[in-house]
Structure formats: structure tokens, C-alpha cells
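**Student:** This is the structure I want to talk about, given as C-alpha cells.
The values are calculated or read from the model by the stated rules, or taken from the named source; none is laboratory data. Predicted model, so just to flag it, every value in this text is computed and none were measured. Here the Cβ is made from the backbone with ideal geometry for all residues, glycine too, and neighbour counts use every protein chain on show.
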Amino acid sequence: MADFRPKYVTFDCYGTLTNFDMAGAARRIYADTLDEARMAAFVRSFAVYRMDEVLGAWKPYADVVASALERACKANKVGFRADDAQRINEEVPTWGPHRDVPSGLARVAQSIPLVILSNAMKSQIPSNVAKLGAPFHMVITAEETGAYKPQMRGFEYMLDKLGCGPEDITHVSSSFRYDLMTAHDLGIRHKVWINRGHEPRNSASYEYTEIPDATHLPGVFGL
């Protein structure tokens, strides 16, 4: 991919750039309720229900978190409290980047404009972005597009707003399920998977470049 210089490098934010600590938040809340085996099952349930919740019509992210947490509680026979969901939602803007992110992003930003497409609220993400250590040309939220990834609408909205086609960008994410599969289906050929360890390596037919962290991102573009 070093021979390809995109017009924009587009990113997923939560999980890819920001250390999206939903698992840690759940552990902090339920530490006195669940042993390690049950906690691991609960954290997994919370993650898969969040995915399921974003597949329908758009709703505020606080509702996504609350519904997913309530379903995880039910599945794991834990009492649900709405205040716990609110506590988790309020944590999100406080989370900062993975340690490898600021230096890698800053180097790429010197040569190529950076864009974020995030499953976030407009009021939620500015604090996270401010901690990333690099300038962004544009930050687009699910609230703005009216749809959460992995739905296609957000990607289509982003391309329209940037005034370019799928052939003009490189999309970067740590998630196949939320980002890279949809990007592939939309004809975004140039994709980078940052292997954060929360999803398994996927089929090479998705045409992606794998890197272990963001410090390797400049090298993808020969920078």
C-alpha cells in the first residue's frame, strides 16, 4: 500500500484510536457481584448486545448502552440498575488514546488529512478526539449520519461529505465486524486492520493490511 497515497485516511475511533474501555467499566461496576468466570461471560454478553443494538434504527448512544447492559444482566442473572448504564455512558468522554496512537497519527497528519467516522454522539466525542494528539480534517458521528456502523449509511454519508469515492480513501479500524467488512462491501479497497486483539484475524479476501499498532501506520503510506 506504500505506493498508494489516499486523499484521506479515515478512522474508526472507539477501540481503534481511543482505548474504549467498556469491559473495564463493567468490571469496575460488577467487581463485587461476579467472579472471574462469570465476569468474562458478562463482558462478552455486553459486547455482543452492543453490536446487536446498533443494527436497528438510530437511537442515542446512552440508550444503546442501557439496552445492551440490561440484556447482558438478564442473560447472566445479574440485577440491572439504570444508574449503572448512565455511569458507563458518562465514562466514555474521559477515555484517552491507546499509547501508540498520538505519535503515529501525528506523522500521518503531516502528509494526509485525517477523518473520523465514529459510533458516537456529537457531545461525546470531542473530548476523546482532543486527546488523540493530531489534527483531524473532519469528525463524523453516528448521530450526524443517523446510523451506526456496521450499517453502510455512515460510510456513504462520509464519502459524500468528503466529495470522493471509495477508491480515494484508506479506512483504518481494529474491527472487521463494525468497519472493515462494510468498507469492503462498499468497494473501499485500501483498508488497514490494527490488531488490538479484540477480534480474530480475518480472511485475506477482505484485502487489508495488518499492523500491530498505530506506530506502524506511517509506514503503510511510505512516510
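**Student:** Taking the conditions exactly as written (over 19 Å from Met121 (Cβ atoms) and either acidic (Asp, Glu) or assigned to a helix (DSSP H, G or I) (or both)), does Ala66 satisfy them or not? Step through it out loud before you land on a result.
**Tutor:** Details: over 19 Å from Met121 (Cβ atoms): no; either acidic (Asp, Glu) or assigned to a helix (DSSP H, G or I) (or both): yes.
No.
**Student:** Another question, then. When you scan the range 113-120, do you find a residue that is assigned to a loop (DSSP other than H, G, I, E, B) and in contact with a His (Cβ under 9 Å, 6 or more places away or on another chain), even just one?
**Tutor:** Among the residues of the range 113-120, at least one is assigned to a loop (DSSP other than H, G, I, E, B) and in contact with a His (Cβ under 9 Å, 6 or more places away or on another chain), which makes the answer yes.
**Student:** Can I ask one more? Going residue by residue through the range 169-187, is there one that turns out to be over 30 Å from Ala62 (Cβ atoms) and part of a helix (DSSP H, G or I)?
**Tutor:** yes
**Student:** Scan the range 97-133 residue by residue and report those that are of a type in the set (Gly, Ala, Ser) and either under 13 Å from the mean Cα position of the chain (by Cα) or in the same structural domain as Glu70 (by TED's automatic domain parsing) (or both).
**Tutor:** Within the range 97-133, the subset of a type in the set (Gly, Ala, Ser) is 103-104, 106, 109, 111, 118, 120, 123, 127, 130, 133.
Once the filter is applied, which keeps residues that are of a type in the set (Gly, Ala, Ser) and either under 13 Å from the mean Cα position of the chain (by Cα) or in the same structural domain as Glu70 (by TED's automatic domain parsing) (or both), the range 97-133 yields Ser118, Ala120.
**Student:** Collect the residues in the range 36-91 that are under 18 Å from Pro150 (Cα atoms) and among the basic types (Lys, Arg), keeping them in residue-number order.
**Tutor:** Result: Arg50, Lys59.
**Student:** Is the range 70-87 home to any residue that is surrounded by 17 or more Cβ atoms within 10 Å (Cβ to Cβ) and touching a residue at least 60 places away in the same chain (Cβ under 8 Å)?
**Tutor:** No, the range 70-87 contains no residue that is surrounded by 17 or more Cβ atoms within 10 Å (Cβ to Cβ) and touching a residue at least 60 places away in the same chain (Cβ under 8 Å).
**Student:** What's the total number of residues in the range 188-207 that are assigned to a strand (DSSP E or B) and touching a His at 6+ places or on another chain (Cβ under 8 Å)? Lay out the reasoning, then the answer.
**Tutor:** Step one: filter the range 188-207 for residues assigned to a strand (DSSP E or B), giving 190-194.
Filter again for touching a His at 6+ places or on another chain (Cβ under 8 Å), leaving 190-192.
Qualifying residue count, the range 188-207: 3.
**Student:** Please enumerate the residues belonging to the range 121-166 that are small (Gly, Ala, Ser), assigned to a loop (DSSP other than H, G, I, E, B) and more than 18 Å from Asn19 (Cβ to Cβ).
**Tutor:** Just the residues of the range 121-166 that are small (Gly, Ala, Ser), to begin with: 123, 127, 130, 133-134, 142, 146-147, 154, 163, 165.
Those left that are additionally assigned to a loop (DSSP other than H, G, I, E, B): 123, 133-134, 146-147, 163, 165.
Residues satisfying the conditions are Ser123, Gly146, Ala147, Gly163, Gly165.
**Student:** Would you say Tyr61 is under 17 Å from the mean Cα position of the chain (by Cα), outside the structural domain of Tyr178 (by TED's automatic domain parsing) and in contact (Cβ under 8 Å) with a residue 60 or more places away in the chain?
**Tutor:** Here the answer is yes, as Tyr61 does meet what is asked.
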